[in-house]
Amino acid sequence: MKNILKASGIAVLVAALIGCSSSEQLAAEKSASHQQPAGSPQRAAYGGGYSMQDTALSAPVHSRTDGMYFQNYGTNQFVSTAEDRLSTFAADVDTGSYTVMRRYIHEGTLPPPDAVRVEEFINYFPAAYPAPKDRTFSIVADGGPSPFHPGQQLVRIGIKGKEIASDDRKPAHLVFVIDVSGSMARENRLELVKKSLNVLVGQLQPSDTVGIVVYGSTGRVVLPPTSVKQRPTILSAIAELEPEGSTNAEEGLMLGYEMASRSFEPGAINRVILCSDGVANVGETGPEGILRSIEDFSRKEIYLSTFGFGMGNYNDVLMEQLADKGEGNYAYIDSFSEAKRVFTEALTGKLQTIARDVKIQVEFDPAIVDSYRLLGYENRDVRDEDFRNDKTDAGEVGAGHTVTALYEVKLKKAADTDQLGTVRIRYHDIATSRTEEISQPVQVQKTLSSGLKFLASVAQFAEILRESPWSERSSLHDVLELAKANASGEEQRDFVQLVESSLALRKH
């Protein structure tokens, strides 16, 4: 599938990395051609008016909240199967956009549209997909009538990675790269980082090691790689961290990668974990050099996960794109409860990467499907012809991770079958060092399951918040009604409360 907008990772990071200090609250804004459905109104964006036909592309857009930086990646349009029956994208397990939204709402305001990435809202809620049997991934490809768009089908593509019990996972050699610059003193950001890392260290095993690098005006080693058998030593080093100086993210990251290289163990988990508010200035190398270095290290199987902290003076663009280039995941920590969720449930069981360069391709049957639209994944687009190009970079998936994508689909009037096409998953299997490809038919049902109805409400909430032209015929009231009827579990009930809060904020 051809997305509306394209953005170069380097172009994004050039703007994200140069001098985003608290005293330099400026972001460039440029426009690019953007297609729009017929009859859709122009929308005004925060920070100055622009339409869906003049959308910021090459640099983060300055948001309403002072010093918050986000990137507009555009909105996927409907694609005719007569023109392109294939939709191809990289797997994504990030969730940062959802918790950024939650922080905004808890502080009494709606998030800027550019802060919303639909796929990260959807993937915040792990789906209960069946575990794969005797292979790396299982596939779910189902759907049914759309609850928000009469006459359309909502199609779900889901994958689940094989589980690896904590006791069975490989040894982990982690390097914490911690931002201790002056901006981390705001809102007790550094204190939340320290509490979060304490949770993570508490989940590690005796065979694991932890090293610590910090950066303020300069980068320095606080703790060389240390066995988790010496847990008190690691916790003491974390406890002693204090804010200091300005920000040199480049030096801190490079020191962290150098440490990870020296302690590298083939076949083990080798990962750099960056904790920062994303505020950065560059050293001598520049952003292109940082990107190349991160990509080089990821090819050597040293991966990067990024965790964001703080509101106001926060750079979402930098944190998300660094994780993308580092073949890792990005999460935003808005509270200690989220830290416990991420570092206890979501991270320690999934530290082990099971597949690299995970690509998903859906082939819709032109005899049945008239057109389709992928919800989100705008910055994960892969050229259709690169699906089987194994040199093409794509997503990393850890043990037990689930990935979900939703499509809105318009059928042809004469369609009389429930099979809409085929989904294929292609990936580099870490265990076998081989490239694998699996497939499954896409088959819809007469009704949606309760779980899929809930995910539909999450996706529509994101579409409304980002002011998508395809959300105009639904409302937050519609989202709330569907979410309430299908929510189960604490996290899903929390989502219902967020929708209720959003309704109250819109009335002000």
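Some notes on this structure:
- Cross-link table 300/325; 170/325; 162/350; 412/484, entries beyond 21 Å C-alpha to C-alpha: 170/325; 412/484
- Applying both filters, DSSP loop and at most 13 other Cβ atoms within 10 Å, to the trypsin sites (Lys or Arg not before Pro) of the stretch 132-218 gives 133, 135.
- With 0.36 nm allotted per residue and the present C-alpha distance subtracted, the residue 80-residue 388 stretch has 108.6 nm of extension available.
- For residue 354, nonlocal amide neighbours, meaning residues 5 or more places apart or on other chains whose placed amide H falls under 5 Å from its own, are 397, 398, 399.
- Equivalent ellipsoid, the stretch 167-350 (semi-axes from 5 times Cα gyration tensor eigenvalues, Å): 22, 19, 16
- Think of the stretch 167-350 as a dipole: +1 on every Lys or Arg Cβ, -1 on every Asp or Glu Cβ, centred on the Cα centre; then among 173, 297, 323, 173 lies furthest on the positive end.
- The stretch 167-350: antiparallel DSSP beta bridges as a percent of all, rounded to 5: 20
- For the stretch 193-265 versus the stretch 433-508, the inter-centroid distance based on Cα atoms is 38 Å.
- For the stretch 241-397: relative contact order, % (alpha-carbon pairs under 8 angstrom, 6 or more apart): 19
- Across every pair of non-identical alpha carbons in the stretch 217-324, the mean reciprocal distance, once inverted, gives a Kirkwood radius of 15.0 Å.
- Normalised contact order of the stretch 167-350, rounded percent, pairs of Cα under 8 Å and 6 or more residues apart: 26
- Counting Lys and Arg as +1 and Asp and Glu as -1 over every other residue whose Cβ lies under 10 Å from the Cβ of residue 270, the net charge comes to +1.
- Dipole size of the stretch 167-350 about its Cα centre, with +1 on Lys/Arg Cβ and -1 on Asp/Glu Cβ: approximately 560 debye, rounded to the nearest 20.
- Across the stretch 67-78, coupling constants 3J(HN,Hα) worked out from phi with the 6.51/-1.76/1.60 Karplus curve, θ = phi - 60°, read x, 8, 10, 9, 10, 8, 9, x, 9, 4, 9, 5 Hz, and Gly and Pro carry x.
- Mean projection area, nm², convex hull over Cα of the stretch 385-508: 11.1
- Extension gain, residue 217 back to residue 449 (0.36 nm per residue minus Cα-Cα distance, nm): 78.2 nm
- Listed from fewest to most Cβ neighbours within 10 Å, the set 124, 98, 407 follows the order 124, 407, 98.
- Net charge in the neighbourhood of residue 483 (other residues with Cβ under 15 Å of its Cβ; Lys, Arg +1, Asp, Glu -1) is -3.
- Charge tally for residue 304 (other residues, Cβ to Cβ under 13 Å; Lys, Arg +1; Asp, Glu -1): -4.
- Computed from the C-beta positions of residue 412 and residue 481, the FRET efficiency with R₀ = 35 Å rounds to 0.70.
- Relative contact order (%) - criterion: Cα under 8 Å, at least six apart; region: the stretch 380-508: 15
Just so you know, all these numbers are worked out from the coordinates, no wet-lab data involved. Just so it is clear, the model here is predicted, and its values are computed rather than measured. Neighbour counts run over all protein chains shown; Cβ positions are idealised from the backbone, glycine included.
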